[in-house]
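The values are calculated or read from the model by the stated rules, or taken from the named source; none is laboratory data. Just so it is clear, the model here is predicted, and its values are computed rather than measured. Here the Cβ positions follow ideal geometry from the backbone for every residue, glycine too, while neighbour counts run over all protein chains shown.
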Amino acid sequence: MSVPTRIIAFVTGDAQRDRVVPPSGITARLTGFAAGAMAFLAVFALALSLASGRLATRWGDELARSSTLRISAPEAQMAEQTATALRVLETTPGIASARALSKEEQSLLLAPWFGPDLPLETLPIPQLIEIRETEDGYDAAGLRLRLQAEVPGAVLDDHTRWRKPLERAAGRLRMLGLLSVLLIAATTGAMITLAALAALAANAQVIAVLRLVGAQDGYIAQAFVRRFTLRALGGAAVGTGLGMAAVMLLPSASETGGFLTGLGFQGTGWVWPLLIPPLAGVVAYFATGTAARQRLREVG
Amino acid sequence: MWRCSGTTGSNVTGAVFLIELENIAYSYGGGELLSDISLKLSPGSFHFLTGPSGSGKTTFLKLCYGALTPTAGQVRIFDQDVREMSRDDHALVRRRVGVVHQDCQFLDHLPVADNVALPLMVSGRDDLENVSNLKELMHWVGLGDRANALPPELSGGERQRAALARAVIMSPDVVLADEPTGNVDWEMSQRLLQLLVQLNRMGKTIMIATHDLNLIRAAKSQVQARVLRIAGRKLQLAGADL
């Protein structure tokens, strides 16, 4: 039998076989609840992980593609140094464009700090040049050396200083999210194992009777495994559904909200949480199977 | 009449005996309960096993169907050494050896008919033919109208008969019964005996552990039964004085 056929046969199951184990009431219901709660948490851990991944990429991209050149020079030489700098930049491989910011643009940038009424013309404001890089980027060290020779008042800022810690922080956040998903999976396995062991212990007489009439271990184990796997699958499906609905209802990302409101799934990201219920089923299948076979060997 | 269409020992290659015990001993933690016992069960034989309480009748039966492994000597069931059998081999043996326990245990959440059919269910043989057999079998043991009752609702005698039906539904080669008439009145024990005698006439090998000498006397008039007696840790063939 192929794997999909076996899975379908397992899920549709053998109604007779299910009946040999008495309805386990509270144990099975708790299994469903635990799987549901864990799936709900897993959805958020996953959302956190994906959102921080996106954040790291966005910050990295936006900051990596641009640099700033700042020219501080006496009023008289400013225009000449700016022109020289632009010429140097235009001949540097890896730079797509370089553009000197106009006086108006510069005052807009400064307005948040000094207020709109400050007479900027009277102040020695450095000239800013916005640099856009090509895909390959440029050699920052080489450019600094050339600028030092030709435009002594220029300072190149390639944003590395800002980018690195932000990317690192976002990367850590993503790892924490993934670690949480793993811990949740392990905890789900542990809880289902405990529930299965409790059910096996409570059904010692059932197991003894089944052994007496010639049931093989595989048959007995399967009756328990099927029940717990389906409970976990069902519970996790409900938990995942609720978790996804909760994520969907979060306020959408906005300029002012920043990072927190960006928590959620985008595009194909919605596929990931759908993997949680089958994963919970697989965890339950193996956890219960191991517990049952071990238990059956012990009871003799 | 419900028919047994099962196999006997003859289909096992080279094995004349269904169950062979060779110089076996069994001891619990403290001391030896049984020692130096040899016995060969041939197809179609009818044995009674008797002896005082605590002499080891139940232990002896458990050794016969492999629930216990002897501490010394060798037990062969259907030509297989018990020590070399896996857990699944044991399960397969239990499909060919019907066991009626002293305290019959059932799945209390399933009706009697399902409990009787349980061996078919666990061996994947619960097909239509066997299910129609089940109905006849339930009538044969006089439980036709109790098929939908739950085991806890049954009387002692009904439980014994249900256990017997469950033990024979797979048409086993051997039926081992441990005090099958322990909890029932004389009339009922006669009825159970009749069932076992009929099974024996169909070619089944029967062994009944009992301390009820009247039952043995009643059986001897109908069937050629040998009486084994456990005394002083040994198994003896009891005399004709019974």
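Taking the stretch B:160-240 and the strands (runs of 3 or more DSSP E) fully enclosed by it, the elements with 3 or more residues that are of a type in the set (A, V, I, L, M, F, W, C) and touching a residue at least 40 places away in the same chain (Cβ under 8 Å) are at B:174-178, B:205-209, B:226-231.
Looking at the stretch B:126-133, is at least one residue in a helix (DSSP H, G or I), acidic (Asp, Glu) and either under 28 Å from B:Cys64 (Cβ atoms) or within 14 Å of another protein chain (Cβ to nearest Cβ) (or both)? No.
When A:Val206, A:Val213, A:Val181 are screened for being buried (at least 16 other Cβ atoms within 10 Å of the Cβ) and over 29 Å from B:Asn115 (Cα atoms), only A:Val181 passes.
Screening B:Val82 with (1) within 28 Å of B:Asp185 (Cα to Cα); (2) at pLDDT 90 or above; (3) more than 10 Å from chain A (Cβ to nearest Cβ); (4) surrounded by 20 or more Cβ atoms within 10 Å (Cβ to Cβ) gives one miss only, at (1). Count of the stretch B:18-52 residues, restricted to those that are closer than 22 Å to B:Val197 by Cβ and either modelled with pLDDT under 85 or of a type in the set (A, V, I, L, M, F, W, C) (or both), is 7. Look at the stretch A:202-225: where a residue is closer than 24 Å to B:Val174 by Cα and facing chain B (nearest Cβ under 8 Å) and a partner is of a type in the set (Phe, Trp, Tyr) and outside any helix (DSSP H, G or I), sitting 6+ places away or on another chain with Cβ atoms under 8 Å, you get A:Val209/B:Phe106.
So, of the residues in the stretch A:112-147 that are more than 13 Å from A:Ile95 (Cβ to Cβ) and touching a residue at least 24 places away in the same chain (Cβ under 8 Å), which turns out to be surrounded by the most Cβ atoms within 10 Å (Cβ to Cβ)?
The residue in question is A:Gln127.
When A:Arg146, A:Arg161, A:Arg172 are checked against the criterion of being under 15 Å from the mean Cα position of the chain (by Cα) and over 23 Å from A:Leu279 (Cα atoms), A:Arg172 stands alone in meeting it.
Scanning the stretch B:167-190 for residues that are acidic (Asp, Glu), farther than 24 Å from B:Tyr65 by Cα and either more than 9 Å from every other protein chain (Cβ to nearest Cβ) or touching a Ser or Thr at 6+ places or on another chain (Cβ under 7 Å) (or both) turns up at least one hit.
Helices (runs of 4 or more DSSP H) fully within the stretch A:153-267 that include at least 1 residues being of a type in the set (D, E, K, R) and within 30 Å of B:Ser86 (Cβ to Cβ): A:204-212, A:217-248. When B:Val141 is tested against (1) closer than 25 Å to B:Val223 by Cα; (2) touching a Leu at 6+ places or on another chain (Cβ under 8 Å); (3) modelled with pLDDT of 90 or more, exactly one condition is not met: (3).
Given the structure, is B:Leu154 buried (at least 18 other Cβ atoms within 10 Å of the Cβ), out of contact with any strand residue (DSSP E or B) (no Cβ under 7 Å at 6 or more places or on another chain) and over 26 Å from B:Asp212 (Cα atoms)? Taking the combined requirement at face value, the residue does not satisfy it.
Of the conditions (1) in the same structural domain as A:Leu176 (by TED's automatic domain parsing); (2) free of Cβ contacts under 8 Å to residues at least 40 places away in the same chain, A:Ala83 fails just one. Which one is it? Here A:Ala83 clears every test but (1).
Within the stretch A:105-128, does at least one residue satisfy the condition of being in contact with a Leu (Cβ under 9 Å, 6 or more places away or on another chain) and under 13 Å from A:Val155 (Cα atoms)? Looking through the stretch A:105-128, at least one residue is in contact with a Leu (Cβ under 9 Å, 6 or more places away or on another chain) and under 13 Å from A:Val155 (Cα atoms). Looking across the stretch B:92-125, the residues that are more than 9 Å from chain A (Cβ to nearest Cβ), surrounded by fewer than 22 Cβ atoms within 10 Å (Cβ to Cβ) and farther than 21 Å from B:Asp173 by Cβ come down to B:Gln102, B:Asp103, B:Pro111, B:Ala113. Within the set B:Leu41, B:Leu33, the sole residue that is more than 14 Å from chain A (Cβ to nearest Cβ), touching a His at 6+ places or on another chain (Cβ under 8 Å) and at negative phi turns out to be B:Leu41.
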